[in-house]
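Beneath this line is the structure, given in C-alpha cells, with notes to follow.
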Amino acid sequence: MAVGKAIYNILANDSDVAAIVGTRIFPQKVEFNERMPAITYFVIDTTPNNTKNGVSTYDYVRCQITGFGTSYAQAQDLASKIRTALDYVSGTYAGVVLDKIFFEDANDVYDDSFGEKGVHYVAMDFRFNINR
C-alpha cells in the first residue's frame, strides 16, 4: 500500500527519528539479527469514503507503527519522536497525498523472546486520511 512509502519518507527524513534508528525502518517486522533500535509499520485496515457515483477518492487507513528499543527508556523516547514526526501532519510524501495523520493510541510491550536480551517496544496506532 502506498501509505508505507509516506511513512518511511516522513520518519527517515525526520532528524530526531533518524538520529536514533538511521534507516532501520521496516514494513511488517524486524528480524532477530537486526540492530536495535528500529521501527516497523503495517496497515491494520483501510476504509474507503464511498461515493454515489464512483470509487472512493478518500481513504481512512489505520496503521500500526512500532518503535523498538534496547531499554524501556529508549523505546519511550523513540515513540515520542515518532508521534511528534507524524501526529497532525499533512502534505505530499513520496507521492502520497496525506490530508491529515492522527495519533490514536499506544501500548507498551516487552518481548523476552526477541534475541538474547528481549526487546522493549511501543506499538502506536495512527489514522492516515489519504486523498487518492
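The values are calculated or read from the model by the stated rules, or taken from the named source; none is laboratory data. This is a predicted model, so every value here is computed, not measured. Here Cβ is always computed from backbone atoms with ideal geometry, including for glycine, and neighbour counts include all displayed protein chains. Just the protein is used for accessible areas: all its heavy atoms, side chains included, with ligands, DNA and RNA removed. Shrake-Rupley method; radii C 1.70, N 1.55, O 1.52, S 1.80 Å.
Has segment 56-79 got at least one residue that is open to solvent by 70 Å² or more (accessible area, probe 1.4 Å), closer than 22 Å to D16 by Cα, in contact with a strand residue (DSSP E or B) (Cβ under 6 Å, 6 or more places away or on another chain) and in a helix (DSSP H, G or I)? The answer is yes, given that some residue of segment 56-79 is open to solvent by 70 Å² or more (accessible area, probe 1.4 Å), closer than 22 Å to D16 by Cα, in contact with a strand residue (DSSP E or B) (Cβ under 6 Å, 6 or more places away or on another chain) and in a helix (DSSP H, G or I). Kindly establish whether D87 is touching a Gly at 6+ places or on another chain (Cβ under 6 Å) and without any contact (Cβ under 8 Å) to a residue 60 or more places away in the chain. No: the conditions fail for D87. Taking segment 32-55 as the range and being exposed (fewer than 15 other Cβ atoms within 10 Å of the Cβ) and either in contact with a helix residue (DSSP H, G or I) (Cβ under 8 Å, 6 or more places away or on another chain) or assigned to a strand (DSSP E or B) (or both) as the test, the residues that pass are I44, D45, T47, P48.
Among the residues of segment 8-31, those identified as open to solvent by 50 Å² or more (accessible area, probe 1.4 Å), within 20 Å of Y88 (Cα to Cα) and more than 11 Å from the chain's Cα centre (by Cα) are N13, S15, D16. The single condition among (1) over 18 Å from A123 (Cβ atoms); (2) touching a strand residue (DSSP E or B) at 6+ places or on another chain (Cβ under 9 Å); (3) part of a helix (DSSP H, G or I) that T92 does not satisfy is (3).
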